[in-house]
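In what follows, a single structure is set out as structure tokens and then discussed.
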Amino acid sequence: MVKKDVNGLAINKGTAVGILYVQLVNGKWQTGVHNGSTDNTITSTTSPAVIWHVGKKGSIERNRLYFYKTVEEYQRARMGKGPKGVPPSRLYARVLTESYTGVPVGFLRSDGSANNGAFKKFTTAKGKVYDNVSVLINDLKNKKVSQADFRGGKLEYLHYNIQKRKEPGRYDFILETPKPVTELIGIRRLDKADEFFKI
């Protein structure tokens, strides 16, 4: 649920979001989008904005990403002078939430690659449809869904992505419904520490 603050939108903790960011890599600015689940309420003045996501190859563990509001805060964090316990990370330009609904999830493919987005539904290989990821995870843990039925199933989800324009340094930021993902070996709710399953 999105509420208003005095300066615009406030995005509640636990919301599925995409964050447009820039970061310095080898002296050059790079632009990207990370999808995940907010770990703090984000308003127009929040810094750092923090999200949970799954990103390490082969792991379903959650990790936090930190996004700073100003170049000065970002540079201080890169020098190790950010808030105690907060690693240096990225500078955010925009938090993307328009038309982005669903429970935030992270998942692993059989090749170990990790992705994040908003859960739409999961259909097992036998055709059973789950529109609630918590019920799916519980059934996987209790072996009501076999590993083969999970791997052969299809996950439908939403996420934000970026697309370069012809003009240098210009991008479009788009909400995508990618093709359903198959060959899964792990899934978790990003807003819940204990709701996950991995083969």
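The values are calculated or read from the model by the stated rules, or taken from the named source; none is laboratory data. Note that the structure is a prediction, hence the values are computed from the model and not measured. Positions of Cβ are backbone-derived with ideal geometry, glycine not excepted, and every protein chain shown enters the neighbour counts. These accessible areas exclude ligands, DNA and RNA; they are computed on the full protein's heavy atoms, side chains included. Shrake-Rupley method; radii C 1.70, N 1.55, O 1.52, S 1.80 Å.
Here are some notes:
- According to the Kirkwood relation over distinct C-alpha pairs, the hydrodynamic radius of the chain is 17.7 Å.
- Translational D in µm²/s for segment 138-196 (Stokes-Einstein at 37 °C, 0.692 mPa s, Kirkwood Rh from C-alpha pairs): 231 µm²/s
- Separation in nanometres of the label points that stand 7 Å from Cα toward Cβ, at S134 and T182: 3.1 nm
- Remark: accessible surface ordering of R188, R165, R151 (largest first) is R165, R151, R188, probe radius 1.4 Å.
- With the simple spin-label model, which puts each label point 7 Å out from Cα in the Cβ direction, the T70 to R151 separation comes to 5.2 nm.
- Taken one residue at a time, the phi angles of segment 180-191 give Karplus couplings (6.51, -1.76, 1.60, θ = phi - 60°) of x, 8, 10, 6, 7, 10, x, 8, 8, 7, 6, 8 Hz. Gly and Pro are set to x.
- Computed over the chain with a Gaussian network model linking Cα atoms closer than 10 Å, the most mobile of K141, K128, K28 is K28.
- Placing unit charges on each Cβ (+1 for Lys and Arg, -1 for Asp and Glu) gives the chain a dipole about its Cα centre, and among Y21, Y157, G55 the Cα reaching farthest toward its positive end belongs to G55.
- A 1.4 Å probe, protein heavy atoms only, puts the accessible area of S110 near 60 Å².
- Counting only protein heavy atoms and using a 1.4 Å probe, the accessible area of Y171 comes to about 50 Å².
- Nearest-10 value in Å² for the accessible area of D194, using the 1.4 Å probe: 100 Å²
- Helices in the chain, meaning DSSP H runs of at least 4 residues, each add -39500 (n - 2.57). Divided by all residues, the mean residue ellipticity at 222 nm is -3000 deg cm²/dmol.
- Think of each Lys and Arg Cβ as +1 and each Asp and Glu Cβ as -1; about the Cα centre, that makes the dipole of the chain roughly 300 debye.
- R0 of 25 Å, Cβ-Cβ distance Q163-S44: FRET efficiency to nearest 0.05: 0.45
- Note on N12/Y171: beta-carbon distance plugged into 1/(1 + (r/R0)^6) with R0 of 25 Å gives a FRET efficiency of 0.40.
- Within the accessible surface of the chain, defined with a 1.4 Å probe on protein heavy atoms only, the carbon and sulfur portion equals 48 percent.
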